[in-house]
Each structure stands twice: as C-alpha cells, then as structure tokens.
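Peer 1: Just passing along the structure, written as structure tokens.
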Amino acid sequence: MSSTHVLGIDAGNTKTIALIADTNGTVLGWGRAGSSNIYVQQHRALSALEQAVSAARASAGLIESVRMQAVTLSASGADWPEDFALLRRELNRWNWAEAQHVVNDAVGALRAGSLDGLGVAVVCGTSAGTAARAAGGTAWHSSYWQEPEGAEELAQRTLRAVYRADLGIDPPTTLTARTLAHFGCETVDALLHSFTAREQPPHAHLGRLARVLIDEAQAGDATSRRIVQQHGAALGEYALAAARKVGLSGAYRLVTSGGVMRHPSPLLREALMTRVHEVSPDVTWQASHHEPVFGALLLALELAGQTVTETLFRRLEETCPEESLFVT
C-alpha cells in the first residue's frame, strides 16, 4: 500500500524528531525519541529513529504497512560516504517510503531557513555545523572539517577560564561564581576535582554551561565576552569557507540555528557576521524560524516531486506541532 504522505526526520545529538505531512503541506503526525547519532551508539541511534517514526505514524493514523511517497533523513551522524551508505541501507530495510534521501543535519537546517533553501547555514547547538547551497543545487556541509564546535566546546572553554583565573594566570572573571553555583561546588579546587577525580561520574549536560558563558558576556564580563567573540569569528570563517565551496558571493543569505544561537544575547551572532562582512559585506543575516526537521520535510516534499511554493511553505508553518515538542 502507498500513500500521498512524506516523512522528514531530524536525527540529532540530543533528540530525534519525525514529522509526517501530506503532499499538500499539511503536517499530520509527529514523534520524538532520544539521540540518534550513529557515531555515539549505533544500535541505540537506529532504535531511536524507529521509535520516532513509529510515534509519528501513530500520530498521523498511518498503519505500518502503508509506504509513504518519500522520506528525507537529516542526520548529525551523516558525515562520510560509509555513514550515508549505512543510513540508506537502514532506510531500505525499514521500507518506509518509495523514495529516500539522506543529508547531513546542517543541510536540513539550511533548507529549513527559507523558502528557497539557498545560502549558508551556521548551526550551533550541542555541536556545530555549517552548510551552503547555491542555485542549481550545488551543496556542501562542513562535517569533520568543522573546527569551532557548539555548547560543549564553549563549556570547556568556560571551565578553562575559571581554572586560569583561580591560578592568577588570567584576570578575575564573574564566570567563577556562576560556574561554581551551576555545578554546586564551593571552590574552584572542588570544581576541578569533580571533573577529574578517578571515581567521579561524568557530568551530564555539560553544554548547558554555554548559557552561563553568554549570560556573563552580555553582562559585560571581559573574559566571557572575549571567548564568545572569538568563537563567533571562528564560526564566521567557516561560513565564508562554505560559501566559497559552492561559489556563493555577493548578496546571499546566512541563516543561524541551534540552541546556542537562540540565546537572547546577539554577541555570538554579531561576531560571526562581523567576520563575514569583512569579506562579503552584502550578506544578510536571518535567524531560522524553524527546527531542522522542517527542512527535512521540505526536502522530502521536493523528493516526492512537489514544488515548494509560498502557499505550501506557509501551510507547513501553520500545521507544525507546538514548540514543546522540540524543547531539549
């Protein structure tokens, strides 16, 4: 049995989201599961994909025997050719749709950013990635070329700043008090011990410290501001590299997305755009209004032969689930 439905999946480091829509652009069902990065735990990642899609099918009222027209999997673990081959094999085994496509999650985020899906996307969440797409379909994503990462790298840089300030190598920083409170430690010595003791369990959700860093940068702490601005400039370097890879120049769009980029402070984004404008002053910035799975769904609709018109795009926006589905 076949249907007039498409499936978009965002396979992320922290969560997996699946959306099912009809080919007119109405979202009918959704599902959520845990992390599905095949580089972390392959078996668990594949299980999370199945769980999310099963929940989306149930939400949409589609029985398991019904094949959809197309599926696009936008995956954080789609980096090297063997990764794409593995994920395509699994899609073939699951037999969810007649046509299937796998892209890196930065490509999904780029497609979600605008009606035409062209330009550059900089994703900064738990990790980071950059993608670019030019008219004609030429695309590139940074994958393991990406050097500046996301929340977890910013958290590590925050800890380093606190340790160096405590030793007197660097000036005092308000990060010290905020970081101690964040982890419930009384002294920096206790903080360092909690991260390095032989029998201490690892800290969960380390990346949440990135919010503390950006808070303090916005409040005026010099150390925090330096870290955030350096990181933004580094992200800008990779945005420029991505544009060069696909031949973009002049007045293209740069879209930002990811949890770190959604922080209310503009400092990280301003540092990114300052670096980009040094080379390409006509580039315009746009915050993505949609989650990466929205891009996966758009790509699935295109794979099914649909033209993404403004009417279809707006219908997807209007029928997407509430924001609570996506909260990490």
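The values are calculated or read from the model by the stated rules, or taken from the named source; none is laboratory data. No experiment lies behind these values; they were computed from the predicted model shown. Virtual Cβ from ideal backbone geometry, glycine too; neighbours counted across all protein chains shown. We work out accessible area using only protein heavy atoms, side chains counted, and drop any ligands, DNA or RNA first. Shrake-Rupley method; radii C 1.70, N 1.55, O 1.52, S 1.80 Å.
Peer 1: With springs only between Cα atoms under 10 Å apart, run a GNM on the chain and tell me which of 201, 281, 171 wobbles the most.
Peer 2: 201
Peer 1: Principal axis lengths of the range 51-108 from Cα atoms, whole Å, largest first?
Peer 2: Cα spread of the range 51-108 along its principal axes, largest to smallest: 35, 19, 18 Å.
Peer 1: Hey, can you grab everything whose amide H is under 5 Å from the amide H of residue 256? Only 5+ residues off in sequence or another chain; H modelled, so Pro and N-termini drop out.
Peer 2: 122, 286, 287, 288
Peer 1: On to the next question. How much of the accessible area of the chain, in percent, comes from carbon and sulfur atoms when a 1.4 Å probe is used?
Peer 2: Within the chain, the accessible surface is 50 percent carbon and sulfur.
Peer 1: Hey, in the GNM for the chain with a 10 angstrom Cα cutoff, which one of 160, 262, 111 fluctuates hardest?
Peer 2: Maximum among the listed residues: 160.
Peer 1: OK, next. Heavy-atom accessible area per residue, the chain, 1.4 Å probe: how many Å²?
Peer 2: 46
Peer 1: Moving on. What value does the range 258-321 have for Rg/Rh, both radii from Cα atoms and Rh as Kirkwood defines it?
Peer 2: Taking Rg over the Kirkwood Rh, I get 1.09.
Peer 1: Could you work out the Rg to Rh ratio of the range 141-244, with Rh taken as the Kirkwood radius (inverse of the mean 1/r over all Cα pairs)?
Peer 2: 1.02
Peer 1: Of all GluC sites (Glu not before Pro) in the range 174-264, which ones are in loop regions per DSSP and have a Cβ with at most 10 other Cβ atoms within 10 Å?
Peer 2: 186, 199
Peer 1: Whole-Hz ³J(HN,Hα) for each residue in the range 86-100, computed from phi via Karplus 6.51 cos²θ - 1.76 cosθ + 1.60 with θ = phi - 60°, x for glycine and proline: what do you get?
Peer 2: For the range 86-100, the Karplus curve yields 4, 5, 5, 4, 5, 4, 4, 5, 6, 6, 6, 8, 6, 10, 9 Hz.
Peer 1: Here is a follow-up. With springs only between Cα atoms under 10 Å, which of 194, 74, 224 fluctuates most in a Gaussian network model of the chain?
Peer 2: Top of the fluctuation ranking is 194.
Peer 1: Taking only DSSP H segments of four or more residues, each worth -39500 (n - 2.57), what value at 222 nm results for the chain once the sum is divided by all its residues, to the nearest 500 deg cm²/dmol?
Peer 2: Computed ellipticity for the chain at 222 nm equals -14000 deg cm²/dmol.
Peer 1: With just the Cα atoms of the chain, tell me how far they stretch along each of the three principal axes, in Å, largest first.
Peer 2: Computed over the chain, the largest-to-smallest principal extents equal 68, 50, 36 Å.
Peer 1: Roughly how compact is the range 12-160, stated as its Cα Rg over 2.2 N^0.38 Å to two decimals?
Peer 2: Relative to the rule-of-thumb radius for its length, the range 12-160 sits at 1.08.
Peer 1: List the residues, sorted by chain then number, that are 5 or more residues from residue 170 or on another chain and whose placed amide H is less than 5 Å from its amide H.
Peer 2: Distant-sequence amide H within range of residue 170: 165.
Peer 1: Give me the distance between the Cα centres of the range 241-320 and the range 134-164, rounded to whole Å.
Peer 2: 17
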